[in-house]
Structure formats: structure tokens, C-alpha cells
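Just below is one structure, and these are the notes that go with it.
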Amino acid sequence: MLQKTVGIVLHSLKYNDTSNIVDIYTQHTGRASFLVKIPRSRKSTVKSVLFQPLAMVEFEADYRPNTNLYPVKEAKSWYPFYTLPYDPYKSAIAMFLAEFLYRALREEAENRPLFAYLEHSIRWLDRCAQGLANFHLVFLMRFSRFLGLYPNTEDYDEGCFFDLLNACFTPIQPSHGAFLKPDEASRINILMRMNYETMHLFGMSRAERTRCLTIMNDYYRLHLPDFPALKSLDVLKELFD
């Protein structure tokens, strides 16, 4: 059955000499894998360049029964980027977030609030002119809400530890090893107060930003089964250093 939808590109992999497999988080069906033919002429209705990391595409696919790989018949850009592919910092963030979402998003069902969050975040990053150094940190923190992993902030007091395993602040050092000491726990508390509009007001050194990124990555690895070390993490750290 042919169905039109919009989606956000997470990952693309060469399947054979004529096709790529593209993982897309769609508005109507959640995450799905699609077979995209490599164009042989300029007149092709599907162009490979559309399927870059975090690209937002509008397409028609053949949702056939008894398969998990749906052929794409037509595709076009749903939101043409203004700056993201041409800015090295934004491109690095996009590459990192696409890899992160490819590993973290397993939901094969409609989730309109999550899709709206992703759409808003990508558009904001594309249009932001300055003050975006903390964008990926804010994105990761707020994304945790959709997975039920957002930390409990009600019990925070100065000098608390942060229990990574139970996602909460505690005045007593946890008996297990997955925790942050009070100085780093306070940074997490500050990060949780940021949003895209206000994040430029919070001063953070390069070392602190790098450490927060490592902590957030470790936090997701702790809570998500089979979540691997991200290859683009080191690239992002080096770029912002």
C-alpha cells in the first residue's frame, strides 16, 4: 500500500549497487527502514542527497505486508536547510545527534510529541545564528523525557550526589559506582534548567561541556540495552575544543 508521510533521516547504508537502506523516524509510524534506489539520471524521482543526517523529507513508500523494508517511490525535501549542511559546527552536531537517535530510537509506533520535539529542535539548530555550543547537551537532556529517563530534580540540594542508576539526587553517596560527586551533580542540575532560548546565558567552559557530554552518553548507555559507544562523540569533542 502506497502511503505518503514525512520523516527525519537517522542513518543511511549502502545495500547493493542500486539501493541504500535508510532508517527514518516518521511522523505516522515511528522508526522504519526504507529501500531507496540510487538515482541513475537527473530525472529520478528520488535523489540520494535528500537522505543526509537529520534531513527532513516528505516521501511516498510502499508499505508491503510481511516485510520490514519498504521501497520509496518518490521523495522531496520537507524542510530545506538554510545553514546546517554548510556550517562545520552544526554539521558535526547533526552527525552526532543522528547517530545518537539511530541507536536510541527503537519505537516503531506513532509518537507525535516526540516527533514534534525532534522537528522543532532541528529547525531551531538550522536557524540559530549564535550561542549554540550547548545545544547538543540540552537536546540530550530534554530528549530523556520521552524515554522516561528524565532525572528527578525535586530532591536537589547543594552538596548532593547524583545517582545515575536511579536518576535522582541524593544526600548520601550511593553504594554502587554509578554516581556523580556533588561538584559534577551541580552541573547536571544547571543543565536541566537550560532550554534552547536560555542556554547561552549559562557559562560553561570547554572542559565542563566535554565532561557533561561524556556523562550524558554514559547515562544513556547505562539505561538503554545494547547502546554502543558513539563514533561521532570524539569528533564532536574535538571540534568544540
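The values are calculated or read from the model by the stated rules, or taken from the named source; none is laboratory data. Small disclaimer: the values here were computed from a predicted structure and weren't measured. FYI the Cβ positions are ideal-geometry reconstructions off the backbone, even for glycines, and counts take in every protein chain you see. SASA here: full protein model, heavy atoms, side chains in, ligands and nucleic acids out. Shrake-Rupley method; radii C 1.70, N 1.55, O 1.52, S 1.80 Å.
Here are a few things to note about the model shown:
- A full extension of the chain between S77 and E108 corresponds to an added length of 8.9 nm, given 0.36 nm per residue minus the alpha carbon distance.
- Tilt relative to the chain, helix 88-104 - C-alpha long axis, 0 to 90 degrees, to 10: 90 degrees
- Stretchable slack from E184 to R145, in nm (0.36 nm times residue separation minus alpha-carbon distance): 12.0 nm
- Summary value for the chain: 16 percent relative contact order, contacts being C-alpha pairs under 8 angstrom separated by 6+ residues.
- In loop segments of the range 69-164 as defined by DSSP, the chymotrypsin sites (Phe, Trp or Tyr not before Pro) with at most 12 further C-beta atoms inside 10 Å of their C-beta are Y82, Y86.
- Residue-averaged [θ]222 nm for the chain, counting only DSSP H segments that reach four residues, each worth -39500 (n - 2.57): -10500 deg cm²/dmol
- Helix 112-127 vs. the chain, principal-axis angle (Cα, 0 to 90°, nearest 10): 90 degrees
- The C-alpha atoms of the chain define a longest principal axis, and helix 182-192 lies at about 40 degrees to it.
- Computed over the range 56-137: relative contact order in percent, which uses C-alpha pairs under 8 Å that are six or more apart: 24 percent
- When a 1.4 Å probe is rolled over the protein heavy atoms, the share of accessible surface on the chain that falls to carbon and sulfur comes to 51 percent.
- Two-site FRET efficiency, N166 against L233, from Cβ-Cβ distance with R₀ of 25 Å, rounded to 0.05: 0.55
- Think of a 1.4 Å ball rolled over the protein heavy atoms: the range 85-145 then has 43 Å² of accessible area per residue.
- Residue-span extension gain [R211 to Y63] - 0.36 nm each, minus C-alpha spacing: 49.0 nm
- With protein chains left intact and a 1.4 Å probe, residues in the range 156-219 average 51 Å² of accessible area per residue.
- Using a simple spin-label model with pseudo-atoms 7 Å out from Cα toward Cβ, H28 and R193 lie 4.4 nm apart.
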